[in-house]
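What follows is a short report on a single structure.
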Amino acid sequence: MTNQRTVLRTRSRTKSIISTLRLLRENKLVFSGFLIVVAALLVAVITPFAIPYSVNSTVHFTDKWLPSSLSHPLGTDDLGRDLLSVILWGTSTDFTALVVVLGIALSIGILVGATAGYLGGKFDEAIMRVTDVFLAFPSLILAMTFAAILGHAIINLTIAIALVYWPDISRLVRGQVIAEKSKPYIESLRASGMSRYRILYKHILPNTIQPVMIQLTFKAPWVIITLAGLNFLGFGPGPFTPDWGQLISNGYAYFFEAPNVVIFSGLALLIASLSFNLLGDGLRDVLDPRLRR
Amino acid sequence: MKSDLVKIVDLKKHYPIRSGVLGRTLGYVRAVDGVSFEIRRGESFGLVGESGCGKTTLGKTILRLMDPTAGRIIYDDTDVTKVSGRGLRKYRRAVQIVFQDPFSSMDPRQTVASILTEVMHVNGIAEGQRALEKAIDLLELVGLNESHLFRYPHEFSGGQRQRVCIARALSTDPEFVVLDEPTSSLDVSVQAQLLKLLKDLQKKLDLTYLFISHNMAVVRHLCDRVGVMYLAKLVELSDKKDLFLEPLHPYTQALLSAVPEPDPTVRREGVVVKGEPPSPANPPSGCRFHPRCAYAFEKCPSVVPELMEVNNKRLVACFLYDEGHVRETG
Amino acid sequence: MEEYVLSVQDLKTKFFTRHGVVNALDGVNLTIRKGEIMGVVGETGCGKSVLALSIMGLVKYPGKVVEGSVVFRGRDLTKLDPDEMRKIRGSGIAMVFQDPLTFLNPVFTIGDQLSEVFLFHAEMDRKVVEYRIAKAKESLAESTNDGQRDQLIEEINTLERAKEAPAKASSKEARKAAWYFSTEMMRLLEISDPERVAKFYPHELSGGMRQRIMIAMALALEPDLLIADEATTALDVTTQAQILQLLKELRSRINSAILIITHDLGIVAQTCERVAVMYAGKIVEFTQTRELFSNPKHPYTQGLLSSVPRMSGPEADLEWIPGSVPDMINLPSGCTFHPRCPFAQKLCEQEAPEMLGETSHLVRCHLYGKLQAGRQAYEK
């Protein structure tokens, strides 16, 4: 009997993952977004092992701005490096930064937002005024300020972006928590004798995580673009930690002589942003538990 | 004579009306304004009234889901008005509630098994395998079965969901269950099944019910005694039989005659009451029903009628049954 | 000779969803007589609301009326273009829904919104003349001066003649007239102090009041048919009783037929003259209200009636219909009610019954057709 039930339960879990994927596949556009995001993440993980770092750090002044050829499929950049390899390394930089930003901003945002939303009252009021201060500044300028204070290392840029980003997430989480808190089932949980703590962590948060995740997928391109922007404006760590924004910034001045650099790194940025948006769209539909069977 | 299980003494629940940035209190909505009655062990007590009369607030206050503004709640000879911590948890185990809307009163991410076992876990009733077995027993008790155990709420029909909610309420082995309009969102044929289930469960498990409803016919079907609420106050309380045979309070009369009977040969004689209930934030003076009452006389707008006993143990809050008034009008 | 306001013939409405085709209406025949109150009753998902929307031409994507006709004033509404349909919706058929708040604009006053109905749909030039006549009559009633009275009577006569070919009215006059008729309409609906209420915004009114306003808007243009789709469901019983009473009284005064769509058998019993019972997109029984309640023929109707708790008479145990409403995508074969029917036979699974019996009491059940002999034997 026991085994049978555990089997039943795990089966229902795998079933729900499979059905999620099946639902994702129903829409071709969404599914392609999903595939591209997964592929980009894979590239980000594999590149540091597959392509030696020396590709980034070796300069060939004689091979500057070469057009596409067999040995350099996308041509070369302003330092004579193979553009394809550099863009792949850029993927690695951007996605690592993305994961770190989301990690930091999510931890702060959920902690602060959920507590504020659930407790309400004076604490909520205070937190919201703090986030207001953050949100009052244009995000790029605020990120530039932090970057200027923290220094040029890529990790500092990441922290700067996370610092700009957490108020956004905490507001989002707070709103979701407040909406969820007022639903009738919360009252029925209270009536069954559950503590406030348990209701928040076992019921409200899991129910708000999904909409938050969906919002995050929509916001992910913003992180990549902000990083690119900071790099473009010269807050980046220099040419030997390549990322898309920096490539665009370097190639920008030579757009008419050697369009490859801007076109291909811009394309990478565009495709990544688009895929995240498509994925977010799809997730919104798929994660709706009512669609599950 | 059965003993009292729940006793409510002069219970009040007022909500502040706040406004502006500083949240100044402008006034109070008197959702429940001085209600007293007792529920006897093993009976179903019906609480009827129209929307906004405070019946749901009263139910939730009795369960301590809201804190009363004034008054006392006595459960099984213990004052539970102010209990907290362990005492409150013990009380919550003994009293349970089934809500009106089965569609939104369950966590959409939980399976039935997880809903039921969590309640048992939290209340220290059963764990693991024992909890699962008990969950199956509960499902069978409410007319579902083991195959429903790992399904999500959205996979059930309205009637089935309400059965799950009943199973959840029963999972702490309560003595007292508040039923807050449990059938009002269901179709009649499903409602009939559920009412039968509730009756059977009461007999089998020795439950005491507080049945909150706006549907007089359902109350007649299920309850033993009935209290009628109008604008935060109890206006009449009596045995079901007497109430439906001969309603005393003019509001009860109007309420009963307004229910459309599913039989074209029955034409209920009675006045269609004029107007609509006023806001509980600003109730009329004296008897709250007097602006709509066809029998109102000079005393009604100025003096608040209290519940008084008339012809053998029926309680009504109306001056028409005041001895003085009866003498005067003859 | 019976005169029909509306005649629905073999109406089929389907919803093409991602899970499959929902046969929301599966061949509905219905006739509504001039000035009668007719009821359509059924449980959730039986298609009664879709019927109302199909008549009004308001079925939304992915739904579509695929077959049948809705004949009103000699024209098939299913074939009209959207512009013509809009005209019919204003002045021919009007509808009142369950939730009035979604149909009232929160930023305009009640009076503005009611006036809009007149300004948009009515012949305002003529209405302006009628307004002047009404005003002149008012002054006449108040006036005591003989000279002035003669003058007013003369004025009224001129205006009466002008009614046939009214002059073009200015928009200011039209607005004034529309406001006047709006308050008159509210008075008709027993709203006390309409001049004051007309200046309110929708959220300032109670549910019952809002529903009265909706009915006022619906009846403003004197439609031949008023459809009330669960119009009193959200209201309290005492308010519901007021509104139903009002509908009954109004029917005779403005002479329009009323189609009441509800799940409440009590409302049907107390207000309707004829009633159609719907189940799974089909009408299964159609007769006089008294006949239906005293002699229900279809097993579904019988089940429904015995499952309603009553206010009077002995307290009997309730019965119910086993099972639940079928999945509208995969309807059962034959008679759609057979899996829940206590009298179901083999034939019921295989063959869908037609509407049988006399026109005064139609029923869609084999027990009154091919299985009649068996039923009569059983009854003995």
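The values are calculated or read from the model by the stated rules, or taken from the named source; none is laboratory data. Here the structure is a predicted model, which means the values were calculated and not measured. So basically every Cβ, Gly included, is an ideal-geometry build from the backbone, and we count neighbours across all protein chains shown.
Within the stretch C:27-49, the set of residues being within 14 Å of chain B (Cβ to nearest Cβ), assigned to a strand (DSSP E or B) and either small (Gly, Ala, Ser) or more than 15 Å from the chain's Cα centre (by Cα) (or both) comprises just one member, C:Gly39.
Of the residues in the stretch A:139-151, not one is of a type outside the set (Gly, Ala, Ser), within 14 Å of chain B (Cβ to nearest Cβ) and farther than 22 Å from A:Thr96 by Cα. Within the stretch B:144-154, not a single residue is within 12 Å of another protein chain (Cβ to nearest Cβ), crowded, with 22+ Cβ neighbours inside 10 Å and farther than 28 Å from B:Leu222 by Cβ. Screening the candidates C:Pro326, C:Pro314, C:Pro339 for the property of being modelled with pLDDT under 90 and more than 19 Å from C:Lys48 (Cα to Cα) yields one hit, C:Pro314. Tell me, please, whether a residue that is within 11 Å of chain A (Cβ to nearest Cβ) and over 20 Å from B:Gln202 (Cα atoms) can be found in the stretch B:132-139. So far as the stretch B:132-139 goes, yes, one or more of its residues are within 11 Å of chain A (Cβ to nearest Cβ) and over 20 Å from B:Gln202 (Cα atoms).
Given the condition under 29 Å from B:Ser189 (Cβ atoms), modelled with pLDDT of 90 or more and crowded, with 20+ Cβ neighbours inside 10 Å, answer yes or no: does some residue in the stretch C:76-96 qualify? Yes: the stretch C:76-96 contains one or more residues that are under 29 Å from B:Ser189 (Cβ atoms), modelled with pLDDT of 90 or more and crowded, with 20+ Cβ neighbours inside 10 Å. The single condition among (1) in contact with a Leu (Cβ under 8 Å, 6 or more places away or on another chain); (2) over 30 Å from A:Ile141 (Cβ atoms); (3) buried (at least 19 other Cβ atoms within 10 Å of the Cβ) that A:Leu189 does not satisfy is (1). Here the stretch B:293-318 is the region considered, the condition is being over 24 Å from the mean Cα position of the chain (by Cα) and closer than 25 Å to B:Val259 by Cα, and the residue that is surrounded by the fewest Cβ atoms within 10 Å (Cβ to Cβ) is B:Ala294.
With the structure loaded, tell me whether C:Ala234 is among the aliphatic types (A, V, I, L, M), part of a helix (DSSP H, G or I) and out of contact with any strand residue (DSSP E or B) (no Cβ under 9 Å at 6 or more places or on another chain) or whether it fails that test. No: the conditions fail for C:Ala234.
Here are A:Thr91, A:Thr47, A:Thr76: which of them is touching a His at 6+ places or on another chain (Cβ under 8 Å), surrounded by 17 or more Cβ atoms within 10 Å (Cβ to Cβ) and on the phi < 0 side of the Ramachandran plot? The unique qualifying residue is A:Thr76. Consider the stretch C:179-199 and keep the residues that are among the small types (Gly, Ala, Ser) and either surrounded by 18 or more Cβ atoms within 10 Å (Cβ to Cβ) or in a helix (DSSP H, G or I) (or both). The one that is nearest to the chain's Cα centre (by Cα) is C:Ser182. Of all residues in the stretch B:77-91, those satisfying the criterion of being away from chain A (no Cβ under 11 Å) and either surrounded by 15 or more Cβ atoms within 10 Å (Cβ to Cβ) or among the polar types (S, T, N, Q) (or both) are B:Thr78, B:Val80, B:Thr81, B:Val83, B:Ser84. Filtering A:Met128, A:Met194 for residues that are farther than 24 Å from B:Tyr91 by Cα, of a type outside the set (Ser, Thr, Tyr), within 14 Å of chain B (Cβ to nearest Cβ) and out of contact with any strand residue (DSSP E or B) (no Cβ under 7 Å at 6 or more places or on another chain) leaves a single hit, A:Met128. Reported count of residues in the stretch B:92-110, each being within 7 Å of chain A (Cβ to nearest Cβ) and among the aromatic types (Phe, Trp, Tyr), is 1.
Annotation note: of B:Ser36, B:Ser84, B:Ser105, the sole residue that is under 24 Å from A:Gly121 (Cβ atoms) and not hydrophobic (A, V, I, L, M, F, W, C) is B:Ser84. Within the stretch A:240-261, does at least one residue satisfy the condition of being buried (at least 16 other Cβ atoms within 10 Å of the Cβ) and within 14 Å of another protein chain (Cβ to nearest Cβ)? Within the stretch A:240-261, none of the residues are buried (at least 16 other Cβ atoms within 10 Å of the Cβ) and within 14 Å of another protein chain (Cβ to nearest Cβ). One residue is enough: does the stretch A:222-229 have a residue meeting the conditions in a helix (DSSP H, G or I) and within 23 Å of A:Asp285 (Cα to Cα)? Scanning the stretch A:222-229, I find at least one residue that is in a helix (DSSP H, G or I) and within 23 Å of A:Asp285 (Cα to Cα), so the answer is yes. If the condition is being farther than 22 Å from C:Ser307 by Cα, buried (at least 22 other Cβ atoms within 10 Å of the Cβ) and of a type outside the set (A, V, I, L, M), then the stretch B:219-246 contributes B:Gly227, B:Tyr230, B:Lys233, B:Glu236, B:Ser238.
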